[in-house]
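The values are calculated or read from the model by the stated rules, or taken from the named source; none is laboratory data. Bear in mind the structure is a predicted one, so any value in this text is a computation, not a measurement. Glycine gets a Cβ as well: all are built from the backbone with ideal geometry, and neighbour counts include every protein chain shown.
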Amino acid sequence: MTGKTVLIVDDEAAIREMIAVALEMADYDYLEAADAREAHALIVDKQPDLILLDWMLPGTSGVELARRLKREEATADIPIIMLTAKVEEDNKIQGLEAGADDYITKPFSPRELVARLKAVLRRATPPGVDSPIEVNGLTLDPIGHRVTSAEGALTMGPTEYRLLQFFMTHQERVYTRSQLLDQVWGGNVYVEERTVDVHIRRLRKALGDKYDHLIQTVRGTGYRFSTRAV
């Protein structure tokens, strides 16, 4: 088994069964929920590694549940793939802005689903990054999902954490906004390049005066993480 658990949230039993079979064949564990209330209870109790979330659910919609999960600290970092019959671009953007990491329209093949699932999990857990990274007293612990300094723990959002993790594992190289979008947000995500600037500002604020200088702006190009003076 992969050791990863996927929560399937869909009110149609036949779709849940089809997905469950595909996950079993790909060596994933899985949980099932038919509505948002049942799903939320499982998420809090079991902490799955990824959520396959149907847009149209009885009662609370999948989009509303995604927004709730991203607001709550305990569940904000769990990747979400939206499953829906809605194909309009506005709906895709709405789902992604709600916090979804990817978006698959029905009908879809089990092979496509598993491939997209693997891609999202790879982005959520970069390969080879399983030991703490330390730079000038700033430490990122990918297992505990914490960032600390000599003064104690630093508080930052999930996107700022992923940005910092990418920077700390790719030091001294300049990345364009487009490259950062691909590496941190992932492909197939409708995010404007100026969004990167917003999250860079938030990351610098979270790092504080002692470490914000590590995130350097390279005018006309993008950003780099460096311990060297500009």
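Yes or no: Glu192 charged (D, E, K, R) and within 25 Å of Lys118 (Cα to Cα)?
yes
Please go through the stretch 1-38 and pick out each residue that is β-branched (Val, Ile, Thr), more than 12 Å from Val114 (Cα to Cα) and assigned to a helix (DSSP H, G or I). So that I can check it myself, show each step before the final result.
At the first step, the residues of the stretch 1-38 found to be β-branched (Val, Ile, Thr) are 2, 5-6, 8-9, 15, 19, 21.
Cutting the leftovers down to more than 12 Å from Val114 (Cα to Cα) gives us 2, 5, 8-9, 15.
Residue satisfying the conditions is Ile15 alone.
I'm trying to understand the selection: among the residues of the stretch 22-37, which are of a type outside the set (A, V, I, L, M, F, W, C) and surrounded by 15 or more Cβ atoms within 10 Å (Cβ to Cβ)? Once the filter is applied, which keeps residues that are of a type outside the set (A, V, I, L, M, F, W, C) and surrounded by 15 or more Cβ atoms within 10 Å (Cβ to Cβ), the stretch 22-37 yields Tyr28, Asp29, Tyr30, Glu32, Asp35.
Could you tell me whether any residue of the stretch 47-66 is surrounded by fewer than 18 Cβ atoms within 10 Å (Cβ to Cβ), part of a helix (DSSP H, G or I), of a type outside the set (Phe, Trp, Tyr) and free of Cβ contacts under 8 Å to residues at least 24 places away in the same chain? I'd like the intermediate steps shown before the answer.
Keep residues of the stretch 47-66 that are surrounded by fewer than 18 Cβ atoms within 10 Å (Cβ to Cβ), which gives 47, 56, 58-61, 64.
Okay, now just the ones that are also part of a helix (DSSP H, G or I), so 64.
Next, from what is left, pick out any that are of a type outside the set (Phe, Trp, Tyr): 64.
In the following step, the residues that additionally are free of Cβ contacts under 8 Å to residues at least 24 places away in the same chain were identified as none.
Checking the stretch 47-66: not a single residue is surrounded by fewer than 18 Cβ atoms within 10 Å (Cβ to Cβ), part of a helix (DSSP H, G or I), of a type outside the set (Phe, Trp, Tyr) and free of Cβ contacts under 8 Å to residues at least 24 places away in the same chain.
The set of residues in the stretch 129-162 being in a loop (DSSP other than H, G, I, E, B) and crowded, with 16+ Cβ neighbours inside 10 Å consists of Pro142, Met156, Gly157.
Check whether at least one residue in the stretch 76-89 is assigned to a loop (DSSP other than H, G, I, E, B), at pLDDT 85 or above and touching an Asp or Glu at 6+ places or on another chain (Cβ under 7 Å), and report yes or no.
Kept after step one, since they are assigned to a loop (DSSP other than H, G, I, E, B), are these residues of the stretch 76-89: 76-79, 85-88.
Going one step further and asking which of them are at pLDDT 85 or above, we end up with 78-79.
Narrowing further to those that are touching an Asp or Glu at 6+ places or on another chain (Cβ under 7 Å): 79.
Yes, the stretch 76-89 has at least one match.
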